Amino acid sequence: GRPTSKIKSVTNQMGIAGTPGNPGTNKDVYHVVLGMGYKWTRWAVEGELLFSEGLKYEANPVLTGQVNPIQLKSRIQPLVVLLNLEYEIPTFFDFMPKRFHPYAAAGLGADFVTVTNQTLTTGGQGLAHKTHRGLGLAYHLTLGAKYQITNSFLVDLNYRWMQLSKETLGPVLGYDAQVPPTLGRLYKLKTSNITSSGFYLGVTYQV
């Protein structure tokens, strides 16, 4: 899939006055999902692993109104492990093909995140670089349909909304004219909401 991922409500966590130069962003990013599970008549349980190319965040300047402004570039790359519960919705109408299997699903799991941060001058000169990793909570709601091509293979098209964990952007060192240049200042922002929503296309193999 290539859903739209959104970073919302970025706040200043630096201990000094100022509003983030970029309060949020949204980008279309690629996701690859692998899953395996067991299905009863209409219910199914599944373990899932979701890989993401990562969501980029840029604030230029980091904070508005800085005496000597710098910019922050961050990349949030999650690896999500989920346990899903799926229910196949009955098709009550005769005109609907028997090979058509609509379903609803929900999942809960862990979000393993790598956040890469870099501070630069507004002209693009690198100042400092730092990477940190974290663990959070992720969950999703999905509505989709599978179409049975053969006894073993089904094509799956679904729409998924997913909530990812909150993340810290930084702290990463930068320089500011308000403090001695040799000391610099640690720049740190906080995301209060990261979501992903969009369509996924896949193939299911059943035995």
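Every residue in the range 7-41 that is open to solvent by 70 Å² or more (accessible area, probe 1.4 Å), aliphatic (A, V, I, L, M) and not in a strand (DSSP E or B), please. Passing the criteria: only Ala17. Remark: pairs (first residue in the range 188-207, within 24 Å of Ser165 (Cα to Cα); second residue among the aliphatic types (A, V, I, L, M) and part of a strand (DSSP E or B); Cβ separation under 6 Å; 6+ apart in sequence or on different chains) = Leu189/Val10; Leu189/Leu169; Thr191/Ile7; Thr191/Val10; Ile194/Ile7; Ile194/Leu164; Ser196/Met162.
Does Gly134 count as in a strand (DSSP E or B), in contact (Cβ under 8 Å) with a residue 24 or more places away in the chain and under 14 Å from the mean Cα position of the chain (by Cα)? In short, yes.
Residues in the range 166-178 that are in contact (Cβ under 8 Å) with a residue 40 or more places away in the chain and either open to solvent by 50 Å² or more (accessible area, probe 1.4 Å) or part of a loop (DSSP other than H, G, I, E, B) (or both): Glu167, Leu173, Tyr175, Asp176, Ala177, Gln178. Set side by side, the residues Glu58, Glu46 differ, and just one is of a type in the set (Asp, Glu) and farther than 22 Å from Arg160 by Cβ, which is Glu58. The number of residues in the range 121-137 that are in contact with a Leu (Cβ under 9 Å, 6 or more places away or on another chain) and farther than 16 Å from Lys188 by Cβ comes to 4. Of the residues making up the range 117-165, those that are crowded, with 17+ Cβ neighbours inside 10 Å, under 19 Å from Lys73 (Cβ atoms) and not hydrophobic (A, V, I, L, M, F, W, C) are Asn117, Gln118, Thr119. Suppose the filter is among the basic types (Lys, Arg), closer than 22 Å to Gly144 by Cβ and in contact (Cβ under 8 Å) with a residue 60 or more places away in the chain; does Lys6 pass it? Considered against the rule, which asks whether it is among the basic types (Lys, Arg), closer than 22 Å to Gly144 by Cβ and in contact (Cβ under 8 Å) with a residue 60 or more places away in the chain, Lys6 comes out as yes. Gly15 versus (1) of a type outside the set (A, V, I, L, M, F, W, C); (2) at positive phi; (3) modelled with pLDDT of 95 or more: which is the lone unmet condition? Checking Gly15 against (1) of a type outside the set (A, V, I, L, M, F, W, C); (2) at positive phi; (3) modelled with pLDDT of 95 or more, the one that fails is (3).
Put simply, of Leu120, Leu141, Leu157 the only residue that is within 30 Å of Ile16 (Cβ to Cβ), part of a strand (DSSP E or B) and not basic (Lys, Arg) is Leu120. Residue check: is Phe92 at pLDDT 90 or above, open to solvent by 80 Å² or more (accessible area, probe 1.4 Å) and of a type outside the set (A, V, I, L, M)? Spelling it out, it is not the case that Phe92 is at pLDDT 90 or above, open to solvent by 80 Å² or more (accessible area, probe 1.4 Å) and of a type outside the set (A, V, I, L, M). Across the range 193-207, a minimum of one residue is classified as surrounded by fewer than 17 Cβ atoms within 10 Å (Cβ to Cβ) and under 30 Å from Met14 (Cβ atoms). The number of residues in the range 43-77 that are open to solvent by 60 Å² or more (accessible area, probe 1.4 Å), hydrophobic (A, V, I, L, M, F, W, C) and assigned to a loop (DSSP other than H, G, I, E, B) comes to 1.
The values are calculated or read from the model by the stated rules, or taken from the named source; none is laboratory data. Quantities reported herein were computed from a predicted structural model and do not represent experimental measurements. We place every Cβ from the backbone using ideal geometry, glycine too, and count neighbours over all the protein chains shown. SASA here: full protein model, heavy atoms, side chains in, ligands and nucleic acids out. Shrake-Rupley method; radii C 1.70, N 1.55, O 1.52, S 1.80 Å.
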